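Let me begin by presenting the structure, written as structure tokens, before commenting on it.
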Amino acid sequence: MSETLPVAAFWILALASLGGAVAMMATRNVVHAAFWLLEVMLATAGIYLLLSAEFLALVQVLVYAGAVAVLTLFTVMLTLRRREDAVREFPVAWGSMAIASLFTGGILLVLARFRPALAQVPETIPGVEAFGEQMFTTWALPFELASIVLLAALVGAVWWTGGEDL
Amino acid sequence: MQSPAFDHLVVGAFLLFGVVFVAVTVFASNLLSPKGKDEPNRLEPYECGVEPVGPPWVQFRVGYYVYALLFVVFDIETVFLYPWAVSFNKMGLFVLTEMTIFIAILAAGLAYAWKEGALRWR
Amino acid sequence: MSPTLAVIVRLVAVLGLMLTNGVVMIYLLRKVLGHLHIRLGPMHVGWHGLLQTVNDVLKLLTKEDLTPRAVDKVLFFLAPVVVFVPSLMAYLALPFSEALRATRLETGMLFTFAVLAIVPIGILMAGWASANKWSLLGGMRAAAMQIAYEVPLLLSVLPIVMIAGTMELGAVVDAQAGTWFGLVPRWFITDPLLWPTFLIFLISSLIEVNQTPFDMSEGESEIVAGFASEYSAMKFALMFLSEFSNTFVVSAMGVTLFFGGWLLPWAPDSWYEAVPALAPIVFLTKAYVGVVLLWWIRGTFPRVRIDQMMSLGWKRLIPAALAMILITGVVQKLLAPVLYRAVG
């Protein structure tokens with residue numbers, strides 16, 4: 001396959017994710033912002049797919065676009081008292097914007113100065129099976145620790161939402 | 001022709017094509033369809049056929065939120081299980097032990113949520 | 001064949017199948033439900049009403065496309081896209097035969113479930129945009145249903161991944177070739193170990209496709225078609241096309257995972273080589289039988305309440321699915337080697 005197609009796809013996806021992120025910040029409607037977040041997550045999944053990371057792309061779709069987006073939407077909708085409350089005016093925070101711009105500029109400057117070596121995509125893309133073998137032998141301990149982290153998140157969620165007496 | 005890269009291209013093409021297809025059919029039906037006269041109630045919400053009572057908004061139960069939090073945790077657990085299941089036949093007994101511990105820890109979490117009443121709809 | 005042509009062929013074929021499915025399935029649903037109610041169903045347009053849905057499609061195409069005043073315009077237009085596009089993409093990984101499939105994704109099984117997971121978000125979008133109490137309730141219920149079914153659904157198919165050792169759907173079908181003792185086809189449904197798994201899969205997929213015991217997001221008799229009540233003309237048609245199409249996809253997944261996909265019992269490989277159309281015909285027939293069985297359930301059971309569905313999902317299906325994974329693991333690692341030696 002020629003080189004132009006992946007490059008074009010990359011630019012479309014990059015613009016979709018960056019544009020979505022900007023639109024999410026710029027919109028004054030919180031529900032729209034939640035849907036823009038969903039769009040950014042899907043565009044990111046597209047970038048993973050472009051890198052032939054099929055499983056990672058699907059995890060992105062399932063966990064972020066499927067679960068986290070629903071959680072975000074529920075949170076947003078729960079906090080609204082009326083439908084019209086979704087639209088919120090607030091003044092532009094020039095101070096924060098300046099700090100954010102400085103930070104972004106700094107990062108871009110550092111990247112331009114030091115030019116970290118770009119990682120190469122390997123010749124043959126390892127499949128899910130190879131990934132599983134790696135993860136459950138070499139990375140077995142971090143994997144078990146992940147379950148502890150998930151357990152902590154779960155207990156925290158239950159405790160935070162008040163359990164019985166809410 | 002059958003390479004993963006080509007398959008991913010097909011996935012992308014279907015996404016784009018689907019969006020275009022919806023836009024085109026909706027546009028075409030707008031061209032074909034008649035436009036009604038503008039009467040006072042024509043653009044009111046339909047709801048169940050009579051004039052709507054009250055604002056078009058209902059406050060949600062917090063029950064939705066508690067489940068959504070649990071859902072995120074268990075979704076992550078589930079995606080961990082997939083690579084494990086794929087490579088299961090290739091590996092020894094220890095992967096089974098590993099996964100038993102992993103599932104046991106999260107099952108304990110589920111049991112805790114159950115005991116604390118987080119799984120009760122309210 | 002050039003890559004561009006190959007992509008176009010796939011697009012046309014899948015869209016054609018999806019639209020045909022929609023027309024045929026709506027007719028079939030009305031006939032099946034009709035006969036379950038001891039009625040005739042559509043009878044007037046064409047022989048036994050065969051052309052009824054064609055007629056309906058043309059009617060929907062020329063209906064006025066209303067946009068009520070209070071709706072959130074952008075999301076109202078976007079929601080049919082978010083509902084329809086994943087349904088179209090869900091066909092990509094289905095194996096119609098050894099050779100005939102749109103893609104050969106290594107993660108095909110997860111791919112189908114992942115794209116279908118986007119549909120409820122589109123429904124929530126439609127419900128929120130509609131500025132209508134029932135629509136909003138329908139949308140919220142759709143999202144709540146996703147929360148209840150998705151984890152059990154994804155967990156329930158894991159024993160199959162463990163036995164087949166792959167998520168590629170064609171390879172899952174290949175793993176079901178042959179017979180037990182030269183008699184019983186080795187489809188996964190004939191393995192008693194997988195019967196609880198099948199039950200969990202069946203219940204979760206009923207929730208996934210809004211079929212009647214779990215059609216809370218539409219609930220004709222309580223929230224008046226729910227998320228779809230403000231939609232008319234083509235937007236309405238596309239949303240319901242996507243729902244019917246999802247029913248087909250889920251049935252096709254069930255056929256692929258449990259009922260041997262394109263395989264006929266006891267048929268030698270030479271048959272498939274002699275008649276290339278045999279495999280897709282077998283696959284489609286099985287999928288349609290599955291669809292009719294789903295509708296039998298739909299015509300028989302009353303609707304459950306949302307809290308009942310939630311506790312079914314979280315207190316019954318998830319623990320059961322986790323247990324089945326561990327049981328399958330133990331059987332595969334400890335018992336299977338002994339058994340295979342005994343059987344020879």
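Can you work out which of the residues in segment B:22-35 that are part of a helix (DSSP H, G or I) and within 7 Å of chain C (Cβ to nearest Cβ) is farthest from C:THR112 (Cα to Cα)?
Our first condition is that a residue be part of a helix (DSSP H, G or I); within segment B:22-35, this holds for B:22-32.
Now drop any that are not within 7 Å of chain C (Cβ to nearest Cβ), which leaves B:22, B:25-26, B:29-30, B:32.
Working: B:VAL22: 21, B:THR25: 25, B:VAL26: 26, B:SER29: 30, B:ASN30: 32, B:LEU32: 35 Å.
Among residues in segment B:22-35 that are part of a helix (DSSP H, G or I) and within 7 Å of chain C (Cβ to nearest Cβ), the one farthest from C:THR112 (Cα to Cα) is B:LEU32.
Just one of (1) within 21 Å of B:ALA13 (Cβ to Cβ); (2) surrounded by fewer than 20 Cβ atoms within 10 Å (Cβ to Cβ) fails for A:THR44. It is (2).
Confirm whether C:THR179 is out of contact with any Cys (no Cβ under 8 Å at 6 or more places or on another chain) and closer than 24 Å to C:PRO192 by Cα. Taking the combined requirement at face value, the residue satisfies it.
Pick from A:ALA140, A:ALA157, A:ALA130, A:ALA152: which is surrounded by 12 or more Cβ atoms within 10 Å (Cβ to Cβ), in contact with a Leu (Cβ under 7 Å, 6 or more places away or on another chain) and either at the interface with chain B (Cβ under 10 Å from one of its Cβ atoms) or not polar (S, T, N, Q) (or both)? I'd like the intermediate steps shown before the answer.
Working: A:ALA140 fails: in contact with a Leu (Cβ under 7 Å, 6 or more places away or on another chain); A:ALA130 fails: in contact with a Leu (Cβ under 7 Å, 6 or more places away or on another chain); A:ALA152 fails: in contact with a Leu (Cβ under 7 Å, 6 or more places away or on another chain).
From the options A:ALA140, A:ALA157, A:ALA130, A:ALA152, the qualifying one is A:ALA157.
Pairs linking a residue in segment C:189-214 that is in the same structural domain as C:SER156 (by TED's automatic domain parsing) and part of a helix (DSSP H, G or I) to a residue that is of a type in the set (Ser, Thr, Tyr) and surrounded by 23 or more Cβ atoms within 10 Å (Cβ to Cβ), with Cβ atoms under 7 Å and 6 or more positions apart or on different chains, are C:LEU193/C:THR328; C:THR197/C:SER156; C:ILE200/C:SER156; C:PHE201/C:SER156; C:SER204/C:TYR149; C:SER204/C:SER156; C:ILE207/C:TYR149; C:GLU208/C:TYR149.
Residue by residue, here is whether (1) surrounded by 20 or more Cβ atoms within 10 Å (Cβ to Cβ); (2) over 30 Å from C:GLY138 (Cβ atoms); (3) hydrophobic (A, V, I, L, M, F, W, C) holds:
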| position | (1), (2), (3) |
| --- | --- |
| C:SER270 | no, yes, no |
| C:VAL275 | no, yes, yes |
| C:ALA279 | yes, yes, yes |
| C:THR285 | no, yes, no |
| C:TRP296 | no, no, yes |
| C:TRP314 | yes, no, yes |
| C:ALA320 | no, no, yes |
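Among the conditions (1) over 20 Å from C:MET167 (Cα atoms); (2) crowded, with 21+ Cβ neighbours inside 10 Å; (3) at the interface with chain A (Cβ under 7 Å from one of its Cβ atoms), the only one that B:TYR67 does not satisfy is (3).
Which ranges mark the helices (runs of 4 or more DSSP H) fully within segment C:227-344 that have 1 or more residues being at pLDDT below 85?
Values: elements: C:233-258, C:269-274, C:278-300, C:306-311, C:318-330, C:336-343.
Result: C:233-258, C:269-274, C:278-300, C:306-311, C:336-343.
Counting only residues that are closer than 25 Å to C:LEU238 by Cβ and either within 14 Å of chain B (Cβ to nearest Cβ) or surrounded by fewer than 16 Cβ atoms within 10 Å (Cβ to Cβ) (or both), segment C:40-50 holds 3 of them. Only one of the numbered conditions (1) part of a helix (DSSP H, G or I); (2) more than 10 Å from every other protein chain (Cβ to nearest Cβ) is violated by A:ALA117, and that is (1). Taking segment C:74-99, which residues are under 19 Å from the mean Cα position of the chain (by Cα), more than 9 Å from chain B (Cβ to nearest Cβ), of a type outside the set (Gly, Ala, Ser) and farther than 18 Å from C:PHE236 by Cα? Matches in segment C:74-99: C:LEU94, C:PRO95, C:PHE96. The single condition among (1) within 21 Å of the chain's Cα centre (by Cα); (2) farther than 30 Å from C:GLY122 by Cβ that C:VAL275 does not meet is (1). B:THR97 satisfies every condition listed in (1) farther than 25 Å from C:ALA117 by Cα; (2) at the interface with chain A (Cβ under 8 Å from one of its Cβ atoms); (3) of a type outside the set (Phe, Trp, Tyr); (4) out of contact with any helix residue (DSSP H, G or I) (no Cβ under 7 Å at 6 or more places or on another chain) except (2).
Of the set (1) within 10 Å of chain B (Cβ to nearest Cβ); (2) closer than 30 Å to A:ALA65 by Cα; (3) touching a Leu at 6+ places or on another chain (Cβ under 8 Å); (4) touching a residue at least 60 places away in the same chain (Cβ under 8 Å), all apply to C:VAL71 but (3). Only one of the numbered conditions (1) modelled with pLDDT of 85 or more; (2) facing another protein chain (nearest Cβ under 7 Å); (3) surrounded by fewer than 16 Cβ atoms within 10 Å (Cβ to Cβ); (4) more than 25 Å from A:LEU58 (Cα to Cα) is violated by B:TYR112, and that is (3). Screening A:SER52 with (1) assigned to a helix (DSSP H, G or I); (2) within 30 Å of A:MET135 (Cβ to Cβ) gives one miss only, at (1). Does B:VAL58 fit the bill of being touching a helix residue (DSSP H, G or I) at 6+ places or on another chain (Cβ under 7 Å) and assigned to a helix (DSSP H, G or I)? So B:VAL58 fails the test.
Quick check on B:LYS90: is it among the charged types (D, E, K, R) and more than 7 Å from every other protein chain (Cβ to nearest Cβ)? Step through it out loud before you land on a result.
Values: among the charged types (D, E, K, R): yes; more than 7 Å from every other protein chain (Cβ to nearest Cβ): no.
For B:LYS90, the condition - among the charged types (D, E, K, R) and more than 7 Å from every other protein chain (Cβ to nearest Cβ) - is not met.
Figure legend. Inter-residue proximity from segment C:263-278: first residues assigned by TED's automatic domain parsing to the domain that holds C:VAL173, second residues small (Gly, Ala, Ser) and surrounded by 12 or more Cβ atoms within 10 Å (Cβ to Cβ), beta-carbon distance below 7 Å, spacing 6+ or different chains. Indicated pairs: C:LEU263/C:ALA177; C:TYR272/C:ALA279.
If you check C:LEU153 against the conditions, is it buried (at least 24 other Cβ atoms within 10 Å of the Cβ), closer than 20 Å to A:GLY127 by Cα and touching a helix residue (DSSP H, G or I) at 6+ places or on another chain (Cβ under 9 Å)? Here the answer is no, as C:LEU153 does not meet what is asked. Mind checking whether some residue in segment A:75-89 is modelled with pLDDT under 85, at the interface with chain B (Cβ under 10 Å from one of its Cβ atoms), within 22 Å of the chain's Cα centre (by Cα) and farther than 26 Å from C:VAL83 by Cβ? No.
Residues in segment C:27-39: is at least one of a type in the set (A, V, I, L, M, F, W, C), modelled with pLDDT of 85 or more, closer than 30 Å to A:LEU5 by Cβ and surrounded by fewer than 18 Cβ atoms within 10 Å (Cβ to Cβ)?
At the first step, the residues of segment C:27-39 found to be of a type in the set (A, V, I, L, M, F, W, C) are C:28-29, C:32-33, C:36, C:38.
Restricting the remaining residues to those that are modelled with pLDDT of 85 or more gives C:28-29, C:32-33, C:36, C:38.
So of that shortlist, the ones also closer than 30 Å to A:LEU5 by Cβ come out as none.
Looking through segment C:27-39, none of the residues is of a type in the set (A, V, I, L, M, F, W, C), modelled with pLDDT of 85 or more, closer than 30 Å to A:LEU5 by Cβ and surrounded by fewer than 18 Cβ atoms within 10 Å (Cβ to Cβ).
Here B:PRO52 meets each of (1) surrounded by 15 or more Cβ atoms within 10 Å (Cβ to Cβ); (2) at pLDDT below 85; (3) under 27 Å from the mean Cα position of the chain (by Cα) with one exception, condition (3). Just one residue in the set C:VAL157, C:VAL172, C:VAL161, C:VAL151 is within 15 Å of the chain's Cα centre (by Cα) and among the aliphatic types (A, V, I, L, M); that residue is C:VAL157.
The residues on offer are C:LEU66, C:LEU58, C:LEU28, and the sole one that is within 8 Å of chain B (Cβ to nearest Cβ) and out of contact with any helix residue (DSSP H, G or I) (no Cβ under 6 Å at 6 or more places or on another chain) is C:LEU66.
Any residue at all in segment A:27-41 that's surrounded by 13 or more Cβ atoms within 10 Å (Cβ to Cβ) and under 19 Å from C:LEU110 (Cα atoms)? Checking segment A:27-41: at least one residue is surrounded by 13 or more Cβ atoms within 10 Å (Cβ to Cβ) and under 19 Å from C:LEU110 (Cα atoms).
The values are calculated or read from the model by the stated rules, or taken from the named source; none is laboratory data. From a predicted model like this one, the values you see are computed outputs, not experimental measurements. Reconstructed Cβ throughout: ideal geometry from the backbone, glycine too, with neighbour counts over all protein chains shown.
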